[in-house]
Amino acid sequence: AYLQLDKKFFNRLNVSAGIRYERNEIEGESEAKPVGRFGVNYQPLDYTYVRASFGQAYRFPTIAEKFVRTDLGTVDVGLPISIGVFPNPELTSETGWSAELGVKQGLKISDWQGFIDVAGFVTNYSNMMEFTFGVNDVLLPVLANLGFPLSQTLINFPGDGSLAGFQSINIGDTQILGIDISLAGQGDLFGFPTSMLVGFTHIEPKFKNFDQVTKELSSVDENILKYRFKNTAKCDIETQIKKVSVGGSFRYFSFMEAIDQAFNIFLPGVEEFRAEHDGGTVIVDGRVMYNFTKKTNVALIVKNILNSEYSLRPALIDAPRNFTLKVSHQIN
């Protein structure tokens, strides 16, 4: 009986592991690190799966981050200021690790089959690299006199009269905690072939050491990593009625709380737009397709049905409502 139980246990257990050795060399600088991963998946019941994983991460700075200079143009905030992207020869590699614990459960409703998946995860970075904005020592007091809330700079400017710009720097140690829930499946639902994908993710992205300099370069006082959405959700459903397929998708992004303060200072309208759109963003798309044959169909696709005015990246407005008519024919 013990041997039989032991065999059944191992038949439901899957274990994987791996390790690689990565070496980087650039301009006389060399570095090498081992990177490992480990995962386990166990099936306690016929349609239930439990998994856990751990993996390391390692990223060496790119050639562009270390050595490439790019001019972005000039902005006027009472005086003309040249903006650029600057190299950082002193940039060091970032390392990290992530772990996940999840459960997947099979579902069946009439002839519709699918699964629900719930997972919690944590990611840690040491010496995390991130493009950060700064101004040189000459420009700092000038901007202060103009009323702009910049009093520190983290980036190292080349000695060529550059005034302001972005540079990839090591911002310190960070941690991201999160949970992800998803539901997916397909089959007959209420008599119609239906496929569905629903997902929700919540994260808490933070600096481990949120110092005064980091705070001043961000647009908020809260300890949160820049350019992150704490909550995102998505839903895509499609059903077929004879030769007609009807589908729609829904996407939600919570407000991006923290960005570089420079966007508010140097780009007119960004701060006002973010103040007016400080709630979540909802995007709804739809599609209808008629299948003439198995190989030929025509589809009408409507993006941003609600014609929402939104921006998922600072200073870049996303597309308004638009229509696409697509005809497809498969040739053997």
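The values are calculated or read from the model by the stated rules, or taken from the named source; none is laboratory data. This structure is a prediction, so every number in the text was calculated from the model and none was measured. With ideal geometry, Cβ positions are generated from the backbone for all residues, glycine too; neighbour counts draw on all protein chains shown. Side chains are part of the model used for accessible areas, which takes the heavy atoms of the whole protein and leaves out ligands, DNA and RNA. Shrake-Rupley method; radii C 1.70, N 1.55, O 1.52, S 1.80 Å.
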Principal-axis tilt of helix 2-11 within the chain, Cα atoms, nearest 10 degrees: 60 degrees
Loop-only chymotrypsin sites (Phe, Trp or Tyr not before Pro) in region 290-332, please: DSSP not H, G, I, E or B, and at most 15 other Cβ atoms within 10 Å. 292
Lys/Arg +1, Asp/Glu -1 at C-beta; the chain dipole; positive extreme among 77, 175, 305: 305
Find how much the distance from residue 293 to residue 33 grows on full extension, using 0.36 nm per residue of separation minus their present alpha carbon separation; answer in nm with one decimal. 88.0 nm
The chain: longest stretch without exposed trypsin sites (Lys or Arg not before Pro) (DSSP loop, at most 10 other Cβ within 10 Å), sites themselves excluded? 1-241
Sites residue 221 and residue 243, calculated FRET efficiency, Cβ-Cβ separation with R0 56 Å, nearest 0.05: 0.45
If one builds a Gaussian network model of the chain from Cα atoms under 10 Å apart, the most fluctuating residue listed among 180, 318, 285 is 318
As I understand it, the dipole of the chain uses +1 on the Cβ of Lys and Arg and -1 on the Cβ of Asp and Glu, about the Cα centre. Which of 57, 284, 246 lies farthest toward its positive end? 246
At the level of C-alpha centres, the distance separating region 280-309 and region 60-106, in angstrom, is 35 Å
Sequence neighbours fewer than 8 away in the same chain don't count; with that in mind, list the lysines whose C-alpha is under 19 Å from residue 208. 226, 230
Tell me the chymotrypsin sites (Phe, Trp or Tyr not before Pro) within region 28-60 that lie in a loop according to DSSP and have at most 13 other beta-carbon atoms within 10 Å. 47
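With only Lys, Arg, Asp and Glu charged, each at its Cβ (+1 for the first two, -1 for the last two), find how big the charge dipole of region 70-147 is about the Cα centre; round to the nearest 20 debye.
Approximately 320 debye in magnitude.
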Value of [θ]222 nm, deg cm²/dmol, for the chain, DSSP H segments ≥ 4, -39500 (n - 2.57) each, nearest 500: -3000 deg cm²/dmol
Students often get this wrong, so try it: which of (1) 82, 31, 17; (2) 43, 23, 17; (3) 44, 31, 19 is semi-axes √(5λ) of the Cα gyration tensor in Å as calculated from the structure shown? (3)
Leaving out ligands, DNA and RNA, what percent of the accessible area of region 30-78 is carbon and sulfur, probe 1.4 Å? 58 percent
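Please give the per residue volume of the convex hull enclosing the alpha carbon atoms of region 27-98, rounded to a whole number of Å³.
Given the Cα convex hull of region 27-98, per-residue volume reads 171 Å³.
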Name the lysines eligible as straight-distance cross-link partners of residue 295: C-alpha to C-alpha under 16 Å, and not fewer than 8 places from it in the same chain. 242, 243, 326
Which of the listed residues, 155, 207, 110, is farthest toward the dipole's positive end in the chain, when Lys, Arg count +1 and Asp, Glu count -1 at the beta-carbon? 110
Neighbour count of at most 15 Cβ within 10 Å plus DSSP loop: longest GluC sites (Glu not before Pro)-free window in the chain: 91-221
